[in-house]
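The values are calculated or read from the model by the stated rules, or taken from the named source; none is laboratory data. Keep in mind that this is a model prediction, so the values were computed, not measured. Side chains included, ligands, DNA and RNA excluded: accessible areas come from the protein's heavy atoms. Shrake-Rupley method; radii C 1.70, N 1.55, O 1.52, S 1.80 Å.
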Amino acid sequence: MAKIIRSQRIKNARVQALSKKSAAKTSAKKPAVKTPARAARKSLKAAKRWTPAEVREAFTRFRKANPEPKGELEHLNPYTLLVAVVLSAQATDAGVNKATRALFAVADTPQKMLDLGEERLRDYIKTVGLYRTKAKNVIALSEKLITEFGSEVPRTRAEIESLPGAGRKTANVVLNMAFGEYTMAVDTHVFRVGNRTGLAPGNTPLEVELGLEKVIPSEFMLHAHHWLILHGRYTCLARTPRCEVCLINDLCRWPEKTV
Ligand code: SF4
C-alpha cells in the first residue's frame, strides 16, 4: 500500500514539474506588452535631439517669464539652507518650511543646533517624514561642521557630500543657491522634465544631471535648476501635464504632449 502511495506521489510531482516547464515556455514566448509609457519612451528615443538653438530658445523663454527664479525652501544663511535641504528628502518644501520657520528662529547656526539638542530638534520637525533619522543627521552634520569646517558650510561638492544626510543633490542645491555655482540638482521634477522634453533623457538622476549640464548654455546655468523645477512643479505635472499653457510646448519632444 505504502509503495502505491509513494509511486502516486512521484507521478504527481512529475506532472507538476512538466506543467511548470510548459507555463514558463509559454510566458517566454509571449510578446512584451507595449504599455503607453514604454511606447512613449521608445518614440522619444527616436525623436530628433534638440538643436543648440532650440535649447537656447527654451531657456530664453524661461528667463523672460521669470528672470530671477527663487527656490521655495526658506532659509536664512548657507547653514539653514543645508539643513532645509537635508530635511526636504522625500518631503515637500511647504512641509519643511512649516517646521523650519520656528526651528531657525532658535537655531540658525551649528552651535545653536547642538545647544538645542536632538530631542528638542525632533519636536520641531516631527511633522516632516523620517524626522527621527533626519534629526540625528542634522545634529551629526552640525557637529562635523564645528569640528572640521570652522562652523562654516564647506564650498566643495566632496566636502558637502561627506556630511551626514547630505548627498549629491544636497551638494548641488547648496553650491548653486548659497555659492552661485553652475550646478544642476536633479530632483523628481527635473528628472521628469529632462526626460519628457527630450532635453536630457537618462535612466538615473546623474545621467540627467550630466546631460543637462552638457546642453544648457552656461549663461543660463545659474537659474536653470530653478526654472526646470518650477516648470515640473507647476506646468509639466507628473499625471496631467498642462501642455496647453506650457512655454515650450512647440519644442518639447514628448510624444504624449496634448498640444
Ligand atoms: S509640452 Fe507638455 S509634456 Fe512637454 S514640457 Fe510642456 S507640459 Fe511637459
Could you report the accessible area of Phe149 in Å², rounded to 10, computed with a 1.4 Å probe on the protein chains as they sit in the structure? 40
At 1.4 Å probe size, with no ligands or nucleic acids counted, give the accessible surface of Tyr234 in Å², nearest ten. 110
